[in-house]
1. Which of the residue pairs 28/48; 48/217; 19/217; 48/110 have a Cα-Cα distance greater than 19 Å in the structure shown?
2. Once the principal axes of the Cα atoms of the chain are found, what is the range along each, listed largest first in whole angstroms?
3. May I ask for log10 I(q)/I(0) of the stretch 125-230 at q = 0.13, 0.23 Å⁻¹, from a Debye sum over the Cα atoms as equal point scatterers with solvent left out?
4. Relative contact order, percent, of the stretch 117-178 when contacts are C-alpha pairs under 8 Å separated by at least 6 residues?
5. So what's the net charge close to residue 189: Lys and Arg +1, Asp and Glu -1, counting the other residues with Cβ under 9 Å from its Cβ?
6. List, largest first, the extents of the alpha carbons of the stretch 1-80 along their principal axes, each in whole Å.
7. Using a Förster distance of 45 Å, how high is the FRET efficiency between residue 207 and residue 94, based on the Cβ-Cβ distance and rounded to 0.05?
8. Expressed as a whole percentage, what fraction of the accessible surface of the stretch 135-250 belongs to carbon and sulfur atoms when a 1.4 Å probe is rolled over the protein heavy atoms?
Amino acid sequence: MSVGAGIGIGHFDQDAHGKAWRKDRFDKYKKYCYNCKWVHKYGYEIHKKLESSATDDDWNVFGTVQIGYDRLLGDRFLIGAFADFDFYKDADLTFSDKKGYKSLNGKVEKDNIWTVGGRLGYLVTPRVLVYGLAGFSRMSLEGKLDAHFGPANIPLSIDENVDGWTVGGGVETKLDQRVSLKLEYRYSEFDGASAKVTDGGHDFWKHNKWLVAHKYKEGAKLDLDDTEIHSVRAVLSFKLGGHETVPEPLK
């Protein structure tokens, strides 16, 4: 069994789209007392819409911790299992739209990723291993959208753990009996997420013998597309267990 820690750089590819809308309708009614009927004066409508998109294609530095277990099959082949946790900083995506007093602001944050999987390797020398890996991954994804139509405010948020998968490969070099260095490339893909909120209401007031009726409908939607990540990492691993007196191949 081994434990390790390292650092890497990841390239994100993700699209985000946010939109918000509001519809206001005003109608006027006047009551004539001689027959006690309401007379309707045709109202008018106000439509407001905001929309914005953004693409994340930046590189972000991350840290990683890992635990693993390997076994040799014969003299050259190795099979193993691993679990690791990657934590990102500033892996954010922002977008906005503003039209007069109307504004829309959105933000997407990718905080951390964990992966469990297995690897299969071949010892090209007693100290150098080349390997491929595959596993199941999960990413913490948060999205926020805030739309303003004058005094009206529409908040919307997404806080989900989205599933994905990871494949990759690398080279591991044994530095001494317990310490080794991995250089590794990975490709990961994660599901998207979306959220929508709608609201509505009405109010009434009197103005110059007219009863004014106001009805409104509003809503917002946030769509986060699938996320693709290309990452490269270097991990220093330390093998647990008793002291080995005889040099052995990496395992």
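The values are calculated or read from the model by the stated rules, or taken from the named source; none is laboratory data. All figures in this text were calculated on a predicted structure; none of them were measured in a lab. All Cβ positions, even for glycine, are placed from backbone atoms using ideal geometry, and neighbour counts span all protein chains on display. For the accessible areas, the whole protein counts, side chains as well, though only heavy atoms, and no ligand, DNA or RNA atoms are used. Shrake-Rupley method; radii C 1.70, N 1.55, O 1.52, S 1.80 Å.
1. Pairs exceeding the cut-off: 28/48; 48/110.
2. 111, 29, 23
3. The Debye formula, applied to the Cα set alone, gives -0.72, -1.15.
4. Details: 103 pairs, mean separation 23.0, N = 62.
Relative contact order for the stretch 117-178 comes out at 37 percent.
5. -3
6. Its Cα atoms span 105, 25, 20 Å along the three principal axes.
7. Numbers: r = 42 Å, r/R0 = 0.94.
Efficiency at R0 = 45 Å is approximately 0.60.
8. On the way: 3350 of 6100 Å².
About 55 percent, which is the carbon plus sulfur part of the accessible surface.
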